[in-house]
2 protein chains.
Amino acid sequence: MPAASITTVPVPLGDRAYDIFVGRDLLHEAGARIAALGARAAAIVTDAHVGPLYAETLAQSLKQQGLRAAIVTVPAGEATKSYASLETVCDAVLEAKIERGDLVVALGGGVVGDLAGFAAAVVRRGVRFVQVPTTLLSQVDSSVGGKTGINSRHGKNLVGAFHQPSLVLADTALLDTLPLREMRAGYAEVVKYGLIDDAAFFAWCEKNWQGVFAGGPERDEAVAQSCRAKAAVVVRDEREDGDRALLNLGHTFGHALERITRYESARLVHGEGVAIGLCLAFRFSASLGLCPEADAARVEAHLAATGLPTRLAQVSGGCGTVDELLDAMAQDKKVKGGALTFILARGIGKSFIAPGIAVDSVRAFLEKEINASRP
Amino acid sequence: MPAASITTVPVPLGDRAYDIFVGRDLLHEAGARIAALGARAAAIVTDAHVGPLYAETLAQSLKQQGLRAAIVTVPAGEATKSYASLETVCDAVLEAKIERGDLVVALGGGVVGDLAGFAAAVVRRGVRFVQVPTTLLSQVDSSVGGKTGINSRHGKNLVGAFHQPSLVLADTALLDTLPLREMRAGYAEVVKYGLIDDAAFFAWCEKNWQGVFAGGPERDEAVAQSCRAKAAVVVRDEREDGDRALLNLGHTFGHALERITRYESARLVHGEGVAIGLCLAFRFSASLGLCPEADAARVEAHLAATGLPTRLAQVSGGCGTVDELLDAMAQDKKVKGGALTFILARGIGKSFIAPGIAVDSVRAFLEKEINASRP
Ligand SMILES: NC(=O)c1ccc[n+]([C@@H]2O[C@H](COP(=O)([O-])OP(=O)(O)OC[C@H]3O[C@@H](n4cnc5c(N)ncnc54)[C@H](O)[C@@H]3O)[C@@H](O)[C@H]2O)c1
Ligand SMILES: NC(=O)c1ccc[n+]([C@@H]2O[C@H](COP(=O)([O-])OP(=O)(O)OC[C@H]3O[C@@H](n4cnc5c(N)ncnc54)[C@H](O)[C@@H]3O)[C@@H](O)[C@H]2O)c1
Ligand SMILES: [Zn+2]
Ligand SMILES: [Zn+2]
């Protein structure tokens, strides 16, 4: 019966067009969908948490369709997005005799997707790849859009490729084993899509978030709607020259917090940074008189209800000083003549790219935020 | 006066179109041509032989145009096309604060071009790059066409990207410092273009090769004509799905010899393998009754006149047994049902893709060649 509950989200990128399938238990029938792409072999790249849970099921499903399937397992965690892992994965893919018509399948969260997608982009100067995202974050965000890459000592995601997948299979049942904290982190990105340009979806989230977490049909709906939202932006601006930047709502502050907490996931994971960042972006917009205070309060109330952090004071180990925060932000954004570009909002669902925001006004805002959170 | 003797070869690849400039002393005016691309900074990647000779001149020329210029030097030699060097170069390019509008400039032979081009393809998911090829091989072959990459323990050039340069500056004066052996190696590729589909150019080579080696105007003409020939093939088949394969004339045998000599340049460099491979391809074609013996003899006579090897017996340290040669060939080509695809010729300038060549007939031919060369 799974067929009845599968949603297809097309990503119409010309000769790089592909479909995202969203639904429960897609993994069991993954082989048939992947075989339809016409490959004879697949290298499944996964991590040490996800592999033991799901890799064998996927490999069996591929083998039933007559495909050779090899499994390549990398350590779990952000540190795996490295040059060393790229070498490991590329060589393992070559070892598995993946030819130009064959496939790499990324089975895991954003770390595996970014790494395996990049390996697929460069092995034999490009083989096709399929995303089977296993975290909420990767289902609603990183598996869609074709950005792949690894981290350099100079910063995150600085080395990589635009390489669109040939297929995305978002099996929402896989999230049943995801730790609650990772579930929340991905949920911050779901909420983000509502905040960018879809007030109705934000209202839907307020009403239905418990179903999303519990794994009801609301989860599938939230994933599909998020994919639609991201796909629409990607189709408008595949290589991020223009309004794909809206997807960074909450991320200027969020990235600064990740940098300050040195990407230590024990202190802060990406989605938690985004949750705080979304609240800051709305409160900053309100403080500039752009957005009703009530909207900023509503954003915070909803994220807090799901258990996400919303305030700088909630960063474990501290969020640093205002100067440290501004420094960390300047690494992400170019500061031109004392001003930087932010994503701000005129209200829920009304975000926009705001160039020319004076560093001084950011400083004043952050001082207020940090003082407000002092005991 | 250099302007008078500069030839422009356009490579009309749609939105990836670019020009190849060929001429003496282009390096001194490189800054102006590169600045015209609109970048504010450039990272010059070079190797330990070429850097001391030419990097400062290039850097000064860029600085005179107001561009920041950093120099990144890697060791000379094929071993530099490695994952480790990729990391070194990418991180150095990031260290030089190369942003998306900026440039990587490859100043060196094919090794530097392939490595730096690949780094440019992946730093920040792609920055532009300029080729300043300094070997004959790179001027007539590797700098044109957008193939970039590194070697894996599973084989040569197995990891990389298609990334077209924004500009190629082939300064033929730079070849004045090239060792004769490298000059000859590159010359084998020049001859190859004539053999593929341009009998008149082959005849021109027979008459003018000494001028090419000596650095007369014939050198510029040979480089420009080779670039035109390669560009035409690349434009027809950018991603090597079809007749770009013709460029592999002589390379099936050549690659096998490189493999057998373990890519030890003391024993054999690529162009020497190609020279022997071209002769073998013509003699094999003749032995199959496809090509006049006289044409095969003419190919050998010309290559030998320039000092290139033409026979298996000339491989330093031996060319291996027939079985070893066949094994080495099978790693390059897929053997399907006891047959493989070769590039053969019906005569000089009349090459074609020949699928379905029985391994047995290759074996018989190689046995004859090896026996013939026994003392
Ligand atoms: N490419 C893009 O467009 C894009 C967009 C956003 C984020 N990202 C990247 O994504 C990465 C973060 O992705 P993530 O949040 O998925 O992190 P992740 O891949 O590290 O996964 C989080 C943790 O959950 C575990 N896990 C994954 N699926 C599981 C499951 N079904 N059951 C149990 N455990 C499971 C993982 O092993 C890991 O420990 C970052 O590197 C970020 O840069 C990329
Ligand atoms: N990308 C492609 O389409 C393509 C095509 C053919 C070959 N290649 C690659 O090209 C590489 C071979 O290129 P190559 O033959 O240029 O080798 P190379 O880059 O190693 O250069 C040969 C030697 O000459 C030195 N040198 C270079 N320029 C010099 C100069 N002007 N004066 C003095 N010394 C100089 C180098 O330091 C090196 O020691 C191989 O890795 C091959 O795979 C790529
Ligand atoms: Zn995010
Ligand atoms: Zn060659």
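The values are calculated or read from the model by the stated rules, or taken from the named source; none is laboratory data. In this text the structure is predicted, and so the values were computed from the model without any measurement. Quick reminder, even Gly has a Cβ in these numbers, built from the backbone with ideal geometry, and neighbours come from all protein chains shown. Quick note on the areas: whole protein, heavy atoms, side chains included, nothing else; ligands and nucleic acids left out. Shrake-Rupley method; radii C 1.70, N 1.55, O 1.52, S 1.80 Å.
Across region B:1-100, the fraction of Cα-Cα pairs farther apart than 16 Å, rounded to a whole number, is 65%.
Close amide H contacts of B:Phe129 (hydrogens built in the peptide plane, cut-off under 5 Å, sequence separation of 5 or more or a different chain): B:Val104, B:Ser166. Computed log10 I(q)/I(0) for region B:7-177 at 0.11, 0.18 Å⁻¹: -0.37, -1.08, from the Debye equation with unit scatterers placed on every C-alpha and solvent omitted. Summary for A:Gly289: label point 7 Å along Cα→Cβ; distances to the equivalent points in the other copies, ascending, 9.4 nm. Once both labels are positioned 7 Å from their Cα atoms along Cα-to-Cβ, the gap between B:Ala304 and B:Lys350 label points is 2.3 nm.
Can you give me the long-range amide H partners of A:Ile44? Hydrogens built in the peptide plane at 1.01 Å from N, cutoff under 5 Å, separation of 5 or more residues or another chain. Correct list: A:Ala70, A:Ile71, A:Val72, A:Val105. The calculated Kirkwood hydrodynamic radius for region B:242-355 is 14.2 Å, given to one decimal from all distinct C-alpha pairs. Among beta bridges identified by DSSP and lying wholly in the protein assembly as shown, the antiparallel ones come to about 40 percent.
Projected onto their three principal axes, the Cα atoms of region B:80-185 cover extents of 38, 33, 22 Å, largest first.
Over the protein assembly as shown, the reciprocal of the mean inverse Cα-Cα separation, the Kirkwood hydrodynamic radius, stands at 28.1 Å.
One Cα centroid belongs to region A:3-31, the other to region B:262-292; the line between them spans 49 Å. Compute the FRET efficiency between B:Arg181 and A:Arg33 as 1/(1 + (r/R0)^6), taking r as their Cβ-Cβ distance and R0 = 60 Å, and round to the nearest 0.05. With a Förster radius of 60 Å, E is 0.65. Region A:193-247 and region A:346-375 have Cα centres lying 24 Å from one another.
What residue among A:Pro217, A:Ala188, A:Asn157 has its Cα farthest toward the positive end of the dipole of region A:147-218, where the charges are +1 on Lys, Arg and -1 on Asp, Glu, each on the Cβ? Farthest towards the positive end: A:Asn157. A protection proxy built from the mean count of other Cβ atoms within 10 Å ranks the segments A:231-239, A:284-292, most packed first, as A:284-292, A:231-239. Couplings 3J(HN,Hα) for region B:114-122, derived from phi with the Karplus relation 6.51 cos²θ - 1.76 cosθ + 1.60 (θ = phi - 60°), are 5, 6, 5, x, 5, 4, 4, 5, 10 Hz, where x marks Gly and Pro. For the set A:Thr177, A:Thr57, solvent exposure ranked by accessible area (probe 1.4 Å, protein chains only) runs largest to smallest as A:Thr177, A:Thr57.
Rounded to the nearest percent, how much of the accessible area of chain A (1.4 Å probe, protein heavy atoms only) is carbon and sulfur? C and S atoms contribute 52 percent here.
As a length-normalised measure over Cα pairs under 8 Å and 6 or more apart, the relative contact order of region A:7-177 settles at 25 percent.
Annotation for B:Arg262 and B:Leu13: the two label points, set 7 Å from Cα along the Cα-Cβ direction, are 3.6 nm apart.
In this calculation the C-beta distance from A:Val359 to A:Glu95 is compared with R0 = 60 Å, giving a FRET efficiency of 0.75. Per-residue mean of foreign Cβ neighbours for A:122-130 is 5 (Cβ atoms of other chains, 10 Å radius). Legend: distances between Cα atoms for B:Lys207/B:Lys336; B:Lys192/B:Lys368; A:Lys81/A:Lys368; A:Lys230/B:Lys63; A:Lys156/B:Lys147; pairs beyond 31 Å are B:Lys207/B:Lys336; A:Lys81/A:Lys368; A:Lys230/B:Lys63. Between B:Asp25 and B:Ala372, the modelled labels are 4.8 nm apart [label points 7 Å from Cα along Cα→Cβ].
Remark: mean inter-chain Cβ contacts per residue of A:93-102 equal 2, using a 10 Å Cβ-Cβ cutoff to other protein chain atoms. As a ratio to 2.2 N^0.38 Å, the alpha-carbon radius of gyration computed for region A:180-372 takes the value 0.97. Annotation for region A:40-119 versus region B:35-90: alpha-carbon center distance of 35 Å.
Computed with a 1.4 Å probe over protein heavy atoms only, the accessible surface of chain B comes to 37 Å² per residue. About its Cα centre, chain A has a charge dipole of approximately 440 debye under the convention of +1 per Lys or Arg Cβ and -1 per Asp or Glu Cβ, with nothing else charged. Each pair of Cα atoms in chain B enters the Kirkwood radius, and Stokes-Einstein at 4 °C and 1.567 mPa s then converts it into a translational diffusion coefficient of 62 µm²/s.
Using the Cβ-Cβ distance between A:Asp237 and B:Ala203 with R0 set to 51 Å, the FRET efficiency from 1/(1 + (r/R0)^6) comes to roughly 0.45. On a per residue basis, the convex hull of the C-alpha atoms belonging to region A:156-226 measures out at 130 Å³.
Shielding value for A:151-162 is 5, the average number of Cβ atoms from other chains within 10 Å of each residue's Cβ. Remark: accessible area buried at the B-A interface is about 2700 Å², both chains counted, probe radius 1.4 Å. Taking only alpha carbon atoms, region B:260-323 gives an Rg to Rh ratio of 1.00, where Rh is the Kirkwood radius. Which values of log₁₀ I(q)/I(0), to two decimal places, follow from the Debye formula for region A:143-288 at q = 0.11, 0.12 Å⁻¹ with a uniform point scatterer at every Cα? So the normalised log intensities work out to -0.45, -0.54.
Heavy-atom accessible area, probed at 1.4 angstrom with all protein chains present, ranks B:Lys336, B:Lys230, B:Lys156 as B:Lys336, B:Lys156, B:Lys230, highest first.
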